[in-house]
Amino acid sequence: MDNKPILFLDSGIGGLPYCRHFYGQNSAEALIYVADRENFPYGPRERGELAGALIRLFEKLIPRFNPKIAAVVCNTATISALAKLRDHFSGLPFVGTVPAIKPAVLESRKRHIGVLGTGRTIEDPYTAELAARYGPDCTLFGLAAPELVEFVEYRLGRSSPEERRRMVEPYIRTLRDRGADALVLGCTHFLFLLAEFTQAAAPDIRVYDSVEGVSRRIEALLDRGNLRAALPKGGSGASLSPGPERCLILTGNREPDEDMVRWAAFYGLILRPFAGWDE
Ligand code: DGL
(Lines give C-alpha, C1' and ligand atoms only; values in the text may rest on other atoms or scores of the structure.)
Protein backbone atom coordinates (compact mmCIF):
# COMPACT_ATOMS: atom_id res chain seq x y z
CA MET A 1 0.00 0.00 0.00
CA ASP A 2 1.22 3.48 -0.82
CA ASN A 3 -0.80 6.67 -0.37
CA LYS A 4 1.58 8.94 -2.23
CA PRO A 5 0.07 10.74 -5.24
CA ILE A 6 0.36 9.84 -8.91
CA LEU A 7 1.66 12.75 -10.93
CA PHE A 8 0.13 13.46 -14.36
CA LEU A 9 1.88 15.89 -16.68
CA ASP A 10 1.02 17.63 -19.93
CA SER A 11 1.91 20.99 -21.48
CA GLY A 12 -1.59 22.22 -20.59
CA ILE A 13 -5.08 20.81 -20.25
CA GLY A 14 -4.57 18.00 -22.79
CA GLY A 15 -4.05 15.22 -20.27
CA LEU A 16 -7.13 16.03 -18.15
CA PRO A 17 -9.39 13.44 -19.85
CA TYR A 18 -6.68 10.82 -19.18
CA CYS A 19 -6.48 11.83 -15.57
CA ARG A 20 -10.25 11.69 -15.14
CA HIS A 21 -10.54 8.32 -16.82
CA PHE A 22 -7.94 6.99 -14.41
CA TYR A 23 -9.46 8.36 -11.21
CA GLY A 24 -12.96 7.37 -12.35
CA GLN A 25 -11.78 3.78 -11.99
CA ASN A 26 -9.29 4.21 -9.16
CA SER A 27 -11.07 6.41 -6.69
CA ALA A 28 -8.72 5.86 -3.75
CA GLU A 29 -5.70 7.35 -5.54
CA ALA A 30 -4.45 10.86 -4.78
CA LEU A 31 -3.20 12.77 -7.80
CA ILE A 32 -1.41 15.88 -8.89
CA TYR A 33 -2.10 17.09 -12.42
CA VAL A 34 0.64 19.42 -13.66
CA ALA A 35 -0.21 21.72 -16.57
CA ASP A 36 3.16 22.95 -17.81
CA ARG A 37 1.86 26.21 -19.22
CA GLU A 38 5.31 27.71 -18.67
CA ASN A 39 6.62 25.57 -21.55
CA PHE A 40 3.43 25.37 -23.64
CA PRO A 41 3.30 24.44 -26.50
CA TYR A 42 5.64 21.44 -26.62
CA GLY A 43 4.91 20.62 -30.26
CA PRO A 44 7.25 23.12 -31.98
CA ARG A 45 10.24 22.29 -29.76
CA GLU A 46 13.28 20.26 -30.67
CA ARG A 47 13.56 16.85 -29.02
CA GLY A 48 16.67 17.71 -26.96
CA GLU A 49 15.39 21.10 -25.87
CA LEU A 50 12.11 19.61 -24.64
CA ALA A 51 13.88 16.74 -22.88
CA GLY A 52 16.11 19.28 -21.06
CA ALA A 53 13.12 21.40 -20.03
CA LEU A 54 11.29 18.34 -18.72
CA ILE A 55 14.27 17.09 -16.73
CA ARG A 56 14.56 20.53 -15.09
CA LEU A 57 10.84 20.50 -14.39
CA PHE A 58 10.87 17.02 -12.80
CA GLU A 59 13.82 18.12 -10.66
CA LYS A 60 11.36 20.56 -9.07
CA LEU A 61 8.28 18.35 -9.12
CA ILE A 62 9.71 15.20 -7.55
CA PRO A 63 10.97 16.69 -4.25
CA ARG A 64 7.90 18.91 -4.03
CA PHE A 65 5.22 16.23 -4.55
CA ASN A 66 7.03 12.94 -3.91
CA PRO A 67 4.93 10.95 -6.42
CA LYS A 68 4.89 7.15 -6.57
CA ILE A 69 4.35 7.11 -10.37
CA ALA A 70 4.63 9.81 -13.05
CA ALA A 71 2.26 9.58 -16.02
CA VAL A 72 3.39 11.73 -18.94
CA VAL A 73 -0.01 12.22 -20.56
CA CYS A 74 1.45 13.91 -23.61
CA ASN A 75 2.57 12.22 -26.82
CA THR A 76 5.10 14.91 -27.69
CA ALA A 77 6.81 14.75 -24.29
CA THR A 78 6.78 10.95 -24.27
CA ILE A 79 8.30 10.64 -27.71
CA SER A 80 10.90 13.34 -27.05
CA ALA A 81 11.86 12.72 -23.47
CA LEU A 82 10.52 9.60 -21.78
CA ALA A 83 13.70 7.55 -22.21
CA LYS A 84 15.78 10.40 -20.81
CA LEU A 85 13.39 10.94 -17.89
CA ARG A 86 13.54 7.24 -17.02
CA ASP A 87 17.35 7.30 -17.10
CA HIS A 88 17.60 10.46 -15.09
CA PHE A 89 15.03 9.61 -12.39
CA SER A 90 15.57 5.89 -12.22
CA GLY A 91 13.79 5.46 -8.88
CA LEU A 92 10.47 6.72 -10.22
CA PRO A 93 8.30 4.57 -12.51
CA PHE A 94 7.14 6.53 -15.58
CA VAL A 95 4.17 5.80 -17.84
CA GLY A 96 4.13 7.40 -21.29
CA THR A 97 1.49 8.13 -23.91
CA VAL A 98 1.99 7.24 -27.56
CA PRO A 99 -0.42 7.28 -30.52
CA ALA A 100 -2.73 4.24 -30.50
CA ILE A 101 -1.40 2.96 -33.82
CA LYS A 102 -1.51 -0.71 -32.80
CA PRO A 103 -5.33 -1.08 -32.42
CA ALA A 104 -5.88 0.99 -35.57
CA VAL A 105 -3.58 -1.32 -37.54
CA LEU A 106 -5.36 -4.40 -36.17
CA GLU A 107 -8.75 -3.19 -37.37
CA SER A 108 -8.11 -1.17 -40.52
CA ARG A 109 -9.45 -2.90 -43.63
CA LYS A 110 -8.27 -0.34 -46.12
CA ARG A 111 -4.76 -0.37 -44.56
CA HIS A 112 -4.68 3.43 -44.76
CA ILE A 113 -4.37 5.18 -41.42
CA GLY A 114 -4.04 8.85 -40.48
CA VAL A 115 -2.28 10.04 -37.32
CA LEU A 116 -3.03 13.53 -36.06
CA GLY A 117 -0.52 15.08 -33.67
CA THR A 118 1.89 17.91 -33.03
CA GLY A 119 4.69 18.70 -35.47
CA ARG A 120 7.19 17.01 -33.15
CA THR A 121 5.14 13.79 -32.88
CA ILE A 122 4.47 13.56 -36.60
CA GLU A 123 8.06 14.28 -37.64
CA ASP A 124 9.71 12.15 -35.00
CA PRO A 125 11.14 8.83 -36.26
CA TYR A 126 9.52 7.14 -33.25
CA THR A 127 6.06 7.48 -34.83
CA ALA A 128 7.32 5.95 -38.08
CA GLU A 129 8.90 3.14 -36.03
CA LEU A 130 5.56 2.40 -34.32
CA ALA A 131 3.91 2.22 -37.72
CA ALA A 132 6.62 -0.05 -39.13
CA ARG A 133 6.49 -2.31 -36.07
CA TYR A 134 2.72 -2.79 -35.92
CA GLY A 135 1.60 -2.25 -39.49
CA PRO A 136 4.35 -2.76 -42.04
CA ASP A 137 1.67 -3.37 -44.70
CA CYS A 138 -0.20 -0.14 -43.82
CA THR A 139 0.16 3.26 -45.37
CA LEU A 140 0.34 5.60 -42.44
CA PHE A 141 0.32 9.34 -42.94
CA GLY A 142 0.78 11.98 -40.31
CA LEU A 143 -1.00 15.30 -40.11
CA ALA A 144 0.43 17.98 -37.83
CA ALA A 145 -2.26 20.17 -36.28
CA PRO A 146 -0.64 22.79 -34.04
CA GLU A 147 -3.59 25.17 -34.48
CA LEU A 148 -5.86 22.53 -32.97
CA VAL A 149 -3.64 22.36 -29.87
CA GLU A 150 -3.85 26.15 -29.41
CA PHE A 151 -7.60 26.07 -30.02
CA VAL A 152 -8.17 23.46 -27.34
CA GLU A 153 -5.83 25.07 -24.82
CA TYR A 154 -7.08 28.63 -25.13
CA ARG A 155 -10.42 28.78 -26.93
CA LEU A 156 -12.31 25.56 -26.50
CA GLY A 157 -14.07 26.61 -23.30
CA ARG A 158 -15.77 29.50 -25.07
CA SER A 159 -16.26 27.91 -28.49
CA SER A 160 -19.57 27.08 -30.17
CA PRO A 161 -20.44 23.59 -31.47
CA GLU A 162 -20.28 25.03 -34.99
CA GLU A 163 -16.76 26.36 -34.42
CA ARG A 164 -15.59 23.00 -33.06
CA ARG A 165 -17.09 21.21 -36.03
CA ARG A 166 -15.29 23.58 -38.40
CA MET A 167 -11.99 22.91 -36.63
CA VAL A 168 -12.11 19.14 -37.17
CA GLU A 169 -13.76 18.81 -40.59
CA PRO A 170 -10.76 19.66 -42.80
CA TYR A 171 -8.77 16.82 -41.23
CA ILE A 172 -11.54 14.31 -41.83
CA ARG A 173 -11.84 15.50 -45.45
CA THR A 174 -8.11 14.95 -45.95
CA LEU A 175 -8.37 11.44 -44.48
CA ARG A 176 -11.26 10.56 -46.80
CA ASP A 177 -9.41 11.95 -49.82
CA ARG A 178 -6.50 9.72 -48.93
CA GLY A 179 -8.62 6.62 -48.52
CA ALA A 180 -8.15 6.16 -44.77
CA ASP A 181 -10.56 4.25 -42.56
CA ALA A 182 -8.78 5.00 -39.27
CA LEU A 183 -7.80 8.17 -37.45
CA VAL A 184 -5.42 7.98 -34.50
CA LEU A 185 -5.61 10.94 -32.13
CA GLY A 186 -1.90 11.32 -31.42
CA CYS A 187 -2.11 14.37 -29.19
CA THR A 188 -3.87 14.33 -25.85
CA HIS A 189 -5.42 17.76 -26.46
CA PHE A 190 -7.52 16.26 -29.27
CA LEU A 191 -9.45 14.12 -26.80
CA PHE A 192 -11.41 17.27 -26.02
CA LEU A 193 -12.73 17.08 -29.59
CA LEU A 194 -13.41 13.34 -29.58
CA ALA A 195 -17.18 13.77 -30.03
CA GLU A 196 -16.67 16.14 -32.99
CA PHE A 197 -14.07 13.90 -34.61
CA THR A 198 -16.19 10.79 -34.14
CA GLN A 199 -19.26 12.46 -35.57
CA ALA A 200 -17.48 13.91 -38.60
CA ALA A 201 -15.66 10.60 -39.24
CA ALA A 202 -18.74 8.34 -39.13
CA PRO A 203 -19.55 5.98 -40.67
CA ASP A 204 -16.44 5.14 -42.68
CA ILE A 205 -13.55 6.27 -40.46
CA ARG A 206 -12.96 4.97 -36.95
CA VAL A 207 -11.27 7.14 -34.32
CA TYR A 208 -8.67 5.70 -31.90
CA ASP A 209 -7.22 7.14 -28.71
CA SER A 210 -4.94 5.95 -25.93
CA VAL A 211 -6.97 6.88 -22.83
CA GLU A 212 -7.86 3.35 -21.82
CA GLY A 213 -4.36 2.02 -22.54
CA VAL A 214 -2.62 4.64 -20.38
CA SER A 215 -4.93 3.93 -17.42
CA ARG A 216 -4.31 0.22 -17.71
CA ARG A 217 -0.56 0.77 -17.77
CA ILE A 218 -0.70 2.85 -14.56
CA GLU A 219 -2.87 0.21 -12.92
CA ALA A 220 -0.39 -2.50 -13.92
CA LEU A 221 2.45 -0.56 -12.27
CA LEU A 222 0.38 -0.05 -9.13
CA ASP A 223 -0.32 -3.76 -8.91
CA ARG A 224 3.15 -4.90 -9.78
CA GLY A 225 4.78 -2.66 -7.16
CA ASN A 226 2.01 -3.16 -4.57
CA LEU A 227 1.56 0.61 -4.75
CA ARG A 228 -2.21 1.00 -4.57
CA ALA A 229 -3.53 3.51 -2.03
CA ALA A 230 -5.29 2.16 1.02
CA LEU A 231 -9.07 2.46 0.76
CA PRO A 232 -10.66 4.79 3.32
CA LYS A 233 -11.56 2.93 6.51
CA GLY A 234 -15.00 1.33 6.40
CA GLY A 235 -17.74 1.76 8.99
CA SER A 236 -20.70 4.09 9.21
CA GLY A 237 -18.70 7.29 8.74
CA ALA A 238 -16.96 6.06 5.58
CA SER A 239 -19.11 8.02 3.19
CA LEU A 240 -18.26 11.24 5.06
CA SER A 241 -14.51 10.76 4.99
CA PRO A 242 -12.77 13.20 2.62
CA GLY A 243 -11.60 11.61 -0.62
CA PRO A 244 -7.98 11.55 -1.71
CA GLU A 245 -6.45 14.86 -2.69
CA ARG A 246 -6.67 15.72 -6.40
CA CYS A 247 -4.96 18.92 -7.44
CA LEU A 248 -4.16 20.86 -10.54
CA ILE A 249 -0.87 22.76 -10.50
CA LEU A 250 0.25 25.31 -13.08
CA THR A 251 3.96 25.74 -13.70
CA GLY A 252 5.45 29.22 -13.60
CA ASN A 253 4.28 32.10 -11.55
CA ARG A 254 1.32 33.24 -13.57
CA GLU A 255 -2.14 33.51 -12.14
CA PRO A 256 -4.56 30.90 -13.49
CA ASP A 257 -6.90 32.35 -16.11
CA GLU A 258 -10.65 32.03 -15.77
CA ASP A 259 -10.77 29.09 -18.17
CA MET A 260 -8.24 27.17 -16.12
CA VAL A 261 -10.29 27.80 -12.98
CA ARG A 262 -13.30 26.33 -14.79
CA TRP A 263 -11.41 23.33 -16.16
CA ALA A 264 -10.14 22.50 -12.68
CA ALA A 265 -13.68 22.67 -11.29
CA PHE A 266 -15.08 20.65 -14.20
CA TYR A 267 -12.56 17.87 -13.60
CA GLY A 268 -13.00 17.97 -9.83
CA LEU A 269 -9.45 19.18 -9.15
CA ILE A 270 -8.36 21.76 -6.60
CA LEU A 271 -6.30 24.46 -8.27
CA ARG A 272 -3.19 25.05 -6.16
CA PRO A 273 -0.28 27.41 -6.70
CA PHE A 274 3.10 25.79 -7.33
CA ALA A 275 4.69 26.86 -4.07
CA GLY A 276 8.45 27.04 -4.42
CA TRP A 277 8.49 27.38 -8.22
CA ASP A 278 11.40 29.86 -8.04
CA GLU A 279 13.49 27.93 -5.54
N1 DGL B 1 -0.81 17.40 -25.51
C2 DGL B 1 0.43 17.23 -26.15
C3 DGL B 1 0.56 15.91 -26.91
O4 DGL B 1 -0.10 14.94 -26.59
C5 DGL B 1 1.14 18.36 -26.83
C6 DGL B 1 0.55 19.70 -27.04
C7 DGL B 1 1.62 20.79 -27.18
O8 DGL B 1 2.01 21.31 -26.15
O9 DGL B 1 2.07 21.07 -28.31
O10 DGL B 1 1.36 15.78 -27.79
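The values are calculated or read from the model by the stated rules, or taken from the named source; none is laboratory data. Predicted model only: the values in this text are computed from it and were never measured. When we count neighbours, we look across all protein chains shown, and the Cβ atoms used for this are built from the backbone with ideal geometry, even at glycine. Quick note on the areas: whole protein, heavy atoms, side chains included, nothing else; ligands and nucleic acids left out. Shrake-Rupley method; radii C 1.70, N 1.55, O 1.52, S 1.80 Å.
Rolling a 1.4 Å probe over the protein heavy atoms of the chain, with every protein chain left in place, gives an accessible area that is 52 percent carbon and sulfur. The residues of the chain expose on average 46 square angstrom of accessible surface per residue, using a 1.4 Å probe on protein heavy atoms.
Report the trypsin sites (Lys or Arg not before Pro) located in region 65-132 that are in a DSSP loop and have at most 14 other Cβ atoms inside 10 Å of their Cβ, or state none.
R109, K110
Between D87 and E169, the simple spin-label model (points 7 angstrom out along Cα→Cβ) gives 4.7 nm.
What's the FRET efficiency of M1 with F141 using the Cβ-Cβ distance as r and R₀ = 51 Å, to the nearest 0.05? Efficiency at R0 = 51 Å is approximately 0.65.
When each of the peptides 187-193, 209-215, 254-260 is scored by the mean number of other C-beta atoms lying within 10 Å of its residues, the order from highest to lowest reads 187-193, 209-215, 254-260.
Computed over the chain with a Gaussian network model linking Cα atoms closer than 10 Å, the most mobile of G114, G91, G15 is G91.
Modelled this way, with points 7 Å down the Cα-to-C-beta line, the labels at E59 and R262 are 3.8 nm from one another.
Judged by the mean number of other Cβ atoms found within 10 Å, the most tightly packed of the peptides 31-39, 268-276, 74-82 leads the ranking 74-82, 31-39, 268-276.
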